[in-house]
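Okay, so here's the structure we're looking at.
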Amino acid sequence: MRSSASSEPHPGLPGDPTAGPGDRALRLRAGFTLGYDCPQPTPVLMVLKVRPERRRDLLQPDTLSFEPPLPAPPREYRDGFGNLCGRAVLPAGETRISTRFEILDDGRPDPVAPEAAQHPVEELPDQALVYLLPSRYCDSDRLLDLAWQHLGHAPPGWPRVQAVCDFVHAHLRFDYLAADPTRGAWDAFQGRTGVCRDFAHLAIALCRALNVPARYVTGYLGDIGVPPDPNPMDFSAWFEAYLGGRWHTFDARHNAPRIGRIPMARGRDAADVALTTSFGPTTLTRFEVVTEPAGGETGS
């Protein structure tokens with residue numbers, strides 16, 4: 001993709017500005033309804049809220065509603081990646097979790113920073129080093145030789161990460177029905193098909209193999225300024241690469257600037273940012289996601 005400079009900083013990493021809405025902000029409406037059926041009371045972890053750095057842009061709070069109401073209210077905490085998480089115990093039977101809210105976005109496509117340079121590993125901030133290592137779904141050690149063979153010729157920095165996005169975008173075929181929660185980057189490369197998380201995982205793994213720190217992002221991304229996608233609306237996944245002293249957003253699936261990203265969580269890969277993690281048998285019974293403009297632009 002042509003990427004964007006990330007407006008959400010990572011705790012402890014220098015050089016990340018915190019940019020608010022632009023002079024002509026776009027109002028977005030977003031939210032979801034998820035249904036879970038549990039045969040018995042089941043503890044769950046939830047990563048379902050907008051990232052803390054974007055909460056100042058909310059026009060209404062993204063409060064989670066539970067139907068039926070929970071016997072005890074969920075407890076919130078922040079994980080090691082700065083994500084806003086929740087803990088709860090779902091009762092036996094079906095529980096629906098939902099939220100609807102509006103948020104301001106700067107309304108601009110992802111910006112491009114072609115001059116962003118790659119840092120030598122020895123000059124990276126300590127907090128970025130974890131994003132160079134293999135992880136559950138980004139098995140960069142298995143892709144090391146392939147990455148340097150196919151992409152090592154690209155100039156380091158932004159052009160090399162762009163080459164990674166071009167390679168992944170051309171290599172994988174998007175298939176909404178091909179989602180597989182156990183598939184990692186190597187498997188996606190071998191199978192040549194996947195969903196947005198597979199595009200992100202493969203691109204992250206290739207970046208790490210090329211000594212570029214890269215991290216996984218999940219959140220809302222509606223069909224704003226692009227033809228509508230006929231597939232059901234879903235949460236989206238993209239990635240960020242650390243170049244030129246800051247994090248920049250890249251999207252290997254779309255490989256083009258997009259408008260209206262609303263990050264919910266960041267981590268090493270999808271294992272760190274699962275929507276819900278249940279500690280017992282659970283069946284997903286409903287899955288609805290909404291992301292759309294909510295009344296046009298607002299002037300400053």
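The values are calculated or read from the model by the stated rules, or taken from the named source; none is laboratory data. Because the structure is predicted, anything quoted here is derived from the model rather than measured. Neighbour counts run over all protein chains shown; Cβ positions are idealised from the backbone, glycine included.
Scanning the range 154-165 for residues that are part of a helix (DSSP H, G or I) and buried (at least 16 other Cβ atoms within 10 Å of the Cβ) yields a count of 7. Looking at this structure, is Y242 modelled with pLDDT of 95 or more, over 30 Å from G93 (Cβ atoms) and among the hydroxyl-bearing types (S, T, Y)? For Y242, the condition - modelled with pLDDT of 95 or more, over 30 Å from G93 (Cβ atoms) and among the hydroxyl-bearing types (S, T, Y) - is met. N231 fulfils the conditions (1) over 9 Å from the mean Cα position of the chain (by Cα); (2) crowded, with 19+ Cβ neighbours inside 10 Å; (3) among the polar types (S, T, N, Q) except for a single criterion, (2). Of the set (1) modelled with pLDDT under 95; (2) assigned to a strand (DSSP E or B), all apply to D229 but (2).
Residues that are out of contact with any helix residue (DSSP H, G or I) (no Cβ under 7 Å at 6 or more places or on another chain) and charged (D, E, K, R) within the range 119-152 comprise E122, E123, D126, D141, D145, listed in sequence order. Answer yes if at least one residue in the range 196-208 is farther than 30 Å from K49 by Cα and at pLDDT 95 or above, and no otherwise. No; the residues of the range 196-208 include none that is farther than 30 Å from K49 by Cα and at pLDDT 95 or above. Residue count for the range 168-220 satisfying the condition of being free of Cβ contacts under 8 Å to residues at least 24 places away in the same chain and either assigned by TED's automatic domain parsing to the domain that holds R55 or in a helix (DSSP H, G or I) (or both): 7. From the list T276, T291, T285, T249, the lone residue that is surrounded by 21 or more Cβ atoms within 10 Å (Cβ to Cβ), touching a residue at least 24 places away in the same chain (Cβ under 8 Å) and over 13 Å from the mean Cα position of the chain (by Cα) is T291.
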